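Asks: Here it is, the structure in full.
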Amino acid sequence: VAPAAQGAAPTADWLGLAGRRVLVAGTGGIGAACAAALADAGARVAAADVDRERLASLDERVHRLHGDLGRPDGCAKVVDEALAALGGIDVLVHAVGINHRTPVLEVTDDDWRHVLDVNLSSAFWLGRAVGAGMVTAGYGRQVYCSSVSGLLAHPDHGPYAATTGGLNQLVRVMAREWASYGVTVNAVAPGYTETDLTRHHLDAPGVREHYTSLVPAGRLGRVDDLTGPVLFLASQQAAFVTGHVLYVDGGRTLV
Ligand SMILES: NC(=O)c1ccc[n+]([C@@H]2O[C@H](COP(=O)([O-])OP(=O)(O)OC[C@H]3O[C@@H](n4cnc5c(N)ncnc54)[C@H](O)[C@@H]3O)[C@@H](O)[C@H]2O)c1
């Protein structure tokens with residue numbers, strides 16, 4: 001895909017995503033919306049999840065891959081299958097995450113390891129495997145879902161906050177190491193967004209209203225709020241943007 005000429009008016013493929021080969025890891029609310037938006041932009045998309053029902057409900061244009069991304073062998077299997085299906089990977093979107101809302105004093109070792117493996121180690125295992133091919137190819141875009149919890153100290157979010165803060169730093173180091181190879185690495189950091197990750201918690205009496213009151217924009221996030229920022233960071237328009245954590249939070253981190 002040719003880079004956009006400087007000063008040229010936007011074209012139908014302004015993002016330069018047509019024909020790009022994309023692996024989306026995690027097909028919950030945000031991952032599924034991004035997979036569909038990337039397919040809309042003309043990309044060839046494969047998407048992976050451990051949950052077969054979520055895979056089955058994906059946009060029909062998306063190639064489905066089953067795997068446990070909380071394990072190194074699961075990540076390797078998914079990357080191998082994506083490479084076989086697509087012939088290469090130009091873009092990685094990481095949207096895998098779990099959260100056990102528990103005070104630190106009650107977090108078990110098993111819970112700690114599980115959240116770290118699924119949220120942070122999966123980013124390392126996938127980013128490293130996909131990054132190797134991108135560095136060789138001299139082109140790549142990696143976009144990770146971090147969180148406002150990587151910055152703010154939400155109670156009952158110890159392991160989750162540690163993984164999102166750690167993810168921000170992993171993104172910055174990969175960005176620095178691969179910048180000279182044409183590979184950019186960035187994150188989006190959503191505020192509370194209505195998906196299966198948050199819905200149960202938000203449905204408790206008064207919780208949705210409380211979190212909404214903390215957002216200057218006056219509402220919680222929707223998955224469609226994430227697709228534009230993710231597609232931009234995955235695009236040729238973001239060639240000189242790397243190591244960035246883009247808060248998509250309606251101003252939540254301003255207060
Ligand atoms: N929804 C929010 O409010 C919010 C806010 C900040 C950050 N995020 C981040 O955005 C990303 C996407 O979250 P979401 O809101 O779409 O959540 P979601 O629960 O809808 O989706 C997460 C997906 O990860 C998958 N997954 C979990 N464990 C897995 C494993 N071991 N192997 C493979 N897949 C696995 C789940 O099956 C699910 O499809 C996550 O990284 C999350 O931390 C979400």
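Asks: Could you identify the single residue in L226, L167, L202 that is touching a Ser or Thr at 6+ places or on another chain (Cβ under 6 Å) and closer than 24 Å to D51 by Cβ?
Replies: L167
Asks: Continuing with the same structure: In the list L65, L83, L69, L58, which residue meets the criterion of being more than 12 Å from the ligand (Cβ to nearest atom), buried (at least 16 other Cβ atoms within 10 Å of the Cβ) and farther than 14 Å from P159 by Cβ?
Replies: Numbers: L65 fails: more than 12 Å from the ligand (Cβ to nearest atom); L69 fails: more than 12 Å from the ligand (Cβ to nearest atom); L58 fails: more than 12 Å from the ligand (Cβ to nearest atom).
None of the others qualify; the one that does is L83.
Asks: Report whether or not L197 is within 10 Å of the ligand (Cβ to nearest atom), touching a residue at least 40 places away in the same chain (Cβ under 8 Å) and out of contact with any strand residue (DSSP E or B) (no Cβ under 9 Å at 6 or more places or on another chain).
Replies: Here the answer is yes, as L197 does meet what is asked.
Asks: Which one of H154, H94, H100 is free of Cβ contacts under 8 Å to residues at least 60 places away in the same chain, within 15 Å of the ligand (Cβ to nearest atom) and not acidic (D, E)?
Replies: On inspection, the qualifying residue turns out to be H154.
Asks: Further question: If you go through segment 200-245, how many residues are under 27 Å from D40 (Cα atoms) and more than 9 Å from the ligand (Cβ to nearest atom)?
Replies: Looking only at that region, the number is 23.
Asks: Is it the case that some residue within segment 231-239 is in a loop (DSSP other than H, G, I, E, B) and not aliphatic (A, V, I, L, M)?
Replies: Checking segment 231-239: at least one residue is in a loop (DSSP other than H, G, I, E, B) and not aliphatic (A, V, I, L, M).
Asks: Where the second residue is surrounded by fewer than 21 Cβ atoms within 10 Å (Cβ to Cβ) and modelled with pLDDT under 95 and the first is farther than 24 Å from Q236 by Cα and lies in segment 35-55, which pairs have Cβ atoms under 9 Å and are six or more apart or on separate chains?
Replies: These pairs meet every condition: R54/D196.
Asks: Please name all residue pairs, on different chains or six or more residues apart, with Cβ atoms under 9 Å, provided the first residue is in segment 212-235 and is surrounded by fewer than 19 Cβ atoms within 10 Å (Cβ to Cβ) and the second residue is assigned to a helix (DSSP H, G or I) and of a type in the set (S, T, Y).
Replies: G218/T212; R219/T212
Asks: How many of the residues in segment 133-165 are among the hydrophobic types (A, V, I, L, M, F, W, C), over 24 Å from A234 (Cβ atoms) and in contact with a Lys or Arg (Cβ under 7 Å, 6 or more places away or on another chain)?
Replies: Within segment 133-165, residues that are among the hydrophobic types (A, V, I, L, M, F, W, C), over 24 Å from A234 (Cβ atoms) and in contact with a Lys or Arg (Cβ under 7 Å, 6 or more places away or on another chain) number 0.
Asks: Being more than 10 Å from the ligand (Cβ to nearest atom) and touching a strand residue (DSSP E or B) at 6+ places or on another chain (Cβ under 9 Å) narrows it down to one residue among R113, R141; which is it?
Replies: Details: R113 fails: touching a strand residue (DSSP E or B) at 6+ places or on another chain (Cβ under 9 Å).
Sole residue among the options that is more than 10 Å from the ligand (Cβ to nearest atom) and touching a strand residue (DSSP E or B) at 6+ places or on another chain (Cβ under 9 Å): R141.
Asks: Of a type outside the set (S, T, N, Q), in a loop (DSSP other than H, G, I, E, B), loosely packed, with under 14 Cβ neighbours inside 10 Å and more than 12 Å from the ligand (Cβ to nearest atom), is that true of A132?
Replies: no
Asks: Among the listed residues V22, V78, V96, identify the single one that is under 23 Å from G182 (Cα atoms) and crowded, with 24+ Cβ neighbours inside 10 Å. Quick ask: steps written out before the conclusion?
Replies: Details: V78 fails: under 23 Å from G182 (Cα atoms); V96 fails: under 23 Å from G182 (Cα atoms).
Only one candidate passes the filter, namely V22.
Asks: While we're here: Look through G221, G250, G165, G191 and report the one residue that is more than 20 Å from G131 (Cβ to Cβ) and out of contact with any strand residue (DSSP E or B) (no Cβ under 9 Å at 6 or more places or on another chain).
Replies: G165
The values are calculated or read from the model by the stated rules, or taken from the named source; none is laboratory data. Just so it is clear, the model here is predicted, and its values are computed rather than measured. Note: ideal-geometry Cβ built from the backbone for every residue, glycine included; neighbour counts use all protein chains shown.
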